[in-house]
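Data block below; observations after.
Bear in mind these aren't lab numbers, they're just calculated from the coordinates by the rules spelled out. Because the structure is predicted, anything quoted here is derived from the model rather than measured. Note that we place each Cβ from the backbone using ideal geometry, even for glycine, and neighbour counts take in every protein chain shown.
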Amino acid sequence: MSDFPFLSVLTVAPLVGAVVVAFLPRSRPQLAKVVALGWSLAVLALSVVMWVAFEVRGDRLQFRESYPWIPDWGVRLTFAADGIALVMLMLIAVLVPLVILASWHEAESSKRSVPVYFALLLVLESTMIGVFAAADVFLFYVFFEVMLVPMYFLIGSYGGHQRQYAAVKFFLYSLVGGLFMLAAVIGLWVVGGKTFDWVALTNADIPTETARWLFLGFFVAFAIKAPFFPFHTWLPDAGGAAPAGAAALLVGVLDKVGTFGILRYCLPLFPEASRWFAPWALALAVIGIIYAALLAVGQNDLKRLVSYTSIAHFGFIGIGIFAFTTQGGTGAVLYMLNHGLATGLLFLVVGMFVARRRSALVSDFGGAGKLVPLLAGVLLFAALASLALPGTAPFVSEFLVLIGTFTVNKPVAVIATVGMILAAAYALWMVQRATQGKLNPALPAMESMRRDLTARERVVVAPLIALLIVLGFYPKPVTDVINPAVQATMQDVGTSDPAPTVGNVVEAAK
Amino acid sequence: MNDVKLPAMDYAGLAPMLIVFGVACAGILVEAFVPRRARHGVQLGLGLLGLVAALVAVAMVADRRLLTAAGAVAVDGPALFLQGTIIVLAAMSFLLIGERSLDNGGPFVAQAAITVGSELDQVQERREPGGTEVYPLAMFAIGGMLLFVSAGDLLTMFVALEVLSLPLYLLCALARRRRLLSQEAALKYFMLGAYASAFFLFGVALIYGFTVGTEGAGGVDFTTIHAAVGDSAASPVLLLAGLAMLSIGLLFKAAAAPFHVWTPDVYQGAPTPITAFMAACTKVAAFGALLRVLYVAFAGAAWDFTPVIGAVGVLTMLVGAVLAVTQTDIKRLLAYSSVANAGYLLVGVLAGSRDGLSSTMFYLVAYGFSVVAAFAVVTLVRDPDGEATHLSRWAGLGRRSPLFAAVFTFILLAFAGIPLTSGFTSKFAVFGAALDAGQTWLVIAGVVTSMILAFPYLRVVVMMWLSEPGESTPAVAVPGAFTAAALMIGVVATLALGVMPSPLLDLTSSAAEFVR
């Protein structure tokens, strides 16, 4: 079964689905939704099969496929996945059907074509899968850039207030990063012997000075994408303006391309430069944790608030990566997954609130829990998961990151812990202001605010809640997949873990 | 007493040019003898047939590598490849020139001599069919371009420069609507073009003086110059001054800064099909000639000219990108984008290697197809007064005509260098070649300006898709078969070269060798 070309099929399948959906008649939006949902579920099913076929003790890169593309430049269509990519692919496959289901009525309010909205979601899924599945630097770059186009139109055409500004800002920021990376990609190609193959390039002998410049080119692109402080200002705008479903994918998955890129490209390709730049990266990450958390406390717009919390979380992922310990790395990757689930859930729930109230301002709610108790409960759960309450999955990853960092860099770990306290502040305060306290008199007057979770919405939130709890108590299936890949990456960087070893931590987390 | 020996002529190698010039002359006869009614059809058919025949002639001699006509014409890989490129792009422009279903009578004025704004003028603007002399004029320009890229000495190159320029000046003045703008553009182009030609000619004279001063015999053919440049005893003053002046003449045609000032005005004022023709074909011709001069004749002076032309390249990219940001007229925006693209082409030229040559040629093809398609879309967005070129008029176009907005968006993404379009592969090719040749700073400048340049393109996309249609948003005319064909070819080529560049890359790299 492992001979099946999983990765290329997974990349192409959503694209085919998008074409089918786009050409469905505009007058039958229901059909488009059902087809899109069915298609994404089929992708999910295939991803599950791939997860099962992945051999935990097997090669670092599995499911490798390679087809010639542009022989003149040594470009091949090479796909391969390590444990890190596999986890991200699963996250995409799980999130997209839920987002489609959650966006059921999203596009109708915008006067624009409903089938096109769902087609764009599928195109986005295809490019996201491609970016994680690529094992050819050129191919990765192609997906990295093309990914912007569907997201640009999702924000720009179907977004809320200030959508044009947000869409352009998002596109330009990402494009700037992309072009820096393009320069670095070309440079890598020239010094790496005119090949783009990831495996060959990791073995290439690159002069120290050059490697540092190239690292910087890649790192800037990924730091904008992730985003790290001070490249983060596009995210609150984009997250605030994007339709809730697209925002969940934007923050939940798309931004992970940045941290994934650092793990997959910056560290193994430029190990010396990674070590050299690590203090700077750690500094940016720590500033991001504190700064974004403080800003989140002060936000009145729910979507912007969630966006800021994400920037803080990316700071945690950043310190996990640049601590160069296996716990830290495993924690960072696990964090990427858990953050995708938790923030995805948070965005979707916020979207449900916004759809009812037609406003994303916290001050427009107040006491909403009395009207929609279930929905408010889900918001509370999502907020708790997001602040890494023990028993939810993000706790495991945050704990691993902090342990992994503490063993090698105590000040950073200590400062980052302050971020956890701030996380409690922004998350709980948001829940309190929106759903507790005195009932805002404007709310009961709105018919939509009296409708609690519908059956469709329950189907959306249930799998995410279940996953967050299960992975909170039993993360082993995921850590088993991640661990070898992270260990290999850390070997590339050339660092070794101080005692005690990883096994104990994972045991403890169980 | 020496016998006067006729130089050997390789007629097969010269056939493409002979065919095009022949068709141009035949076009003049058509003007004289064919009744007015039938001229349009006959001229268009004749022109397209001639171009197809010339393309076939190019293909037949594709493997020929020689100097002919006493060294005045080089038939080699780059010459033939660029000739083929010019012919294909010219054929696409011909389709736009020949389109008559968009505007009543076509995009050209019936009689250029009528006073602007007079009663007669109003009559001609409404219903007179456009003049058909544009076809032989364009044909002569194409012939000049074919000779320009294959010239074997500087005098032939100068003659070719004039042959391609003079018809272009005239063509710019022949717009049916906004005639004052069109005539102003033509005059501006002519005045500045005349200066540039004078510079070029002065440069030829200085180079001749330089070669006389060296050990070998004097001359202006590239072989002699190449030998003279290699002669270390010669004084470099004449060489450098002459090369600088030659470069000014060529960079003017290529629309490189600071010799670009004519570009926005001329692109805006000229009839749009002619703008497309200039943006695509003139650029190919100018860079073809520049490549030949720098690579064949002055390769030995590369250390001297690379920093200077590099500075010109950086300035060109910067000026084009920054000024494109402020434009409010789509034709001027595309003009500045064309300036910036001249800068990217210079990056490829300055690689100075075989890869530099092949990547520049690749870029020329890719850009040519996209730019013709872009101007084809511009001809379609119109109101009762002609084309609506002001950007504010494009607001909400995506709602009114999603298909054309999508096509134009695709072209703009290609210009912005998004992967899976030819804009990306061509940028990759030139940047890769330049970085390989150690021109890191040029590549960095290219990347930085690409970022700036993305903004104006994106602004147009925002206008079309994300703005609400205003009262004044014009309709998109349903294209006639000719425009549709040109647009389709351009878009398909832009996509194909972005997804599958290998065949063309193979072709350019096998063609990338000059004969000396």
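The distance separating the Cα centre of segment B:234-248 from that of segment A:190-219 comes to 40 Å. In this rough spin-label picture, where each label sits 7 Å from Cα along the Cβ direction, the residue B:392-residue A:272 distance is 5.8 nm.
Taking 16 Å as the cut-off, the amide N atoms of segment A:330-374 that come nearer than this to a point 7 Å along the Cα-to-beta-carbon line of residue A:450 belong to A:356-357, A:368-373.
The mean count of C-beta atoms from other chains within 10 Å of the C-beta of residues in A:68-74, rounded to a whole number, is 5. Kirkwood analysis of the Cα pair distances in segment B:42-188 returns a hydrodynamic radius of 16.7 Å. Cross-link partners for residue A:194 among the lysines, with Cα-Cα distance under 16 Å and sequence neighbours closer than 8 places in the same chain left out, do not exist in this structure.
Computed per residue of the protein assembly as shown from DSSP H runs no shorter than four, each worth -39500 (n - 2.57), the mean residue ellipticity at 222 nm is -23500 deg cm²/dmol. Take each peptide in B:143-152, A:434-443, B:198-207, count the other Cβ atoms within 10 Å of every residue, and average; sorted highest first, the result is B:143-152, B:198-207, A:434-443. Per-residue mean of foreign Cβ neighbours for A:407-420 is 0 (Cβ atoms of other chains, 10 Å radius). Ordering B:274-287, B:121-134, B:399-412 by mean Cβ neighbour count within 10 Å, with the highest value first, yields B:274-287, B:399-412, B:121-134.
Taking 7 Å steps out from each Cα toward its Cβ at residue A:19 and residue B:65 produces label points 4.2 nm apart. For chain B, find the longest principal axis of its Cα atoms and tell me its angle to the long axis of helix B:134-150, 0 to 90°, nearest 10. Approximately 30 degrees, to the nearest 10. Per-residue mean of foreign Cβ neighbours for A:186-195 is 4 (Cβ atoms of other chains, 10 Å radius). Across all C-alpha atoms in chain B, the radius of gyration and Dmax reach 22.2, 82 Å.
For residue A:438, the lysines whose Cα comes closer than 26 Å to its Cα, not counting residues fewer than 8 places off in the same chain, are A:303, A:370.
Evaluate E = 1/(1 + (r/R0)^6) for residue A:105 and residue B:322, where r is the Cβ-Cβ distance and R0 equals 56 Å; express this FRET efficiency to the nearest 0.05. About 0.80, to the nearest 0.05. For segment B:208-313, the relative contact order works out to 29 percent when only alpha carbon pairs closer than 8 Å and six or more residues apart are counted.
Residue exposure proxy: A:415, A:92, B:330, ordered by other Cβ atoms within 10 angstrom of their Cβ from fewest to most, comes out as A:415, B:330, A:92. The length gained on full extension between residue A:300 and residue A:51, counted as 0.36 nm times the residue separation minus their Cα-Cα distance, comes to 85.6 nm. Total lysine pairs in chain B at Cα distances under 27 Å, for residues eight or more apart or on different chains: 9. As a rough footprinting exposure proxy, the listed residues B:31, A:125 were ranked by other beta carbons within 10 Å of their own, and the order from fewest upward is B:31, A:125. With coordinates expressed along the principal axes, the C-alpha atoms belonging to segment B:122-277 extend over 67, 28, 18 Å, beginning with the largest. Listing B:500, A:336 from fewest to most neighbouring C-beta atoms within 10 Å gives B:500, A:336. Rounded, prolate or oblate: pick one for the protein assembly as shown, where a ≥ b ≥ c are the square roots of the eigenvalues of its C-alpha gyration tensor, a/c under 1.5 means rounded, and failing that, prolate if a/b is larger than b/c, else oblate. Verdict is prolate for the protein assembly as shown. Is segment A:110-184 rounded, prolate or oblate when judged by the Cα gyration tensor, a ≥ b ≥ c being the square roots of its eigenvalues, rounded requiring a/c under 1.5 and prolate requiring a/b larger than b/c? Because a/c hits 1.5 or more and a/b fails to exceed b/c, segment A:110-184 counts as oblate. Available extension along the chain between residue B:32 and residue B:385 is 123.9 nm, counting 0.36 nm per residue and deducting the alpha carbon span. Using the Cβ-Cβ distance between residue B:241 and residue B:303 with R0 = 22 Å, the FRET efficiency computed as 1/(1 + (r/R0)^6) comes to roughly 0.85.
Note on residue A:194 and residue A:410: their simple-model spin labels are 5.5 nm apart, each label 7 Å out from Cα toward Cβ. Each other residue within a Cβ distance under 14 Å of residue B:220 adds +1 if Lys or Arg and -1 if Asp or Glu, for a net charge of -1.
Computed over Cα pairs, the Kirkwood radius of segment A:234-359 leads via Stokes-Einstein (1.002 mPa s, 20 °C) to a diffusion coefficient of 143 µm² per second. Computed from the C-beta positions of residue B:4 and residue B:311, the FRET efficiency with R₀ = 41 Å rounds to 0.30. With semi-axes defined as the square roots of five times the eigenvalues of the C-alpha gyration tensor, the equivalent ellipsoid of chain A measures 34, 27, 21 Å, largest first. A simple packing score, the average count of other Cβ atoms within 10 Å per residue, orders the peptides B:491-499, A:222-230 as A:222-230, B:491-499, with the highest score first.
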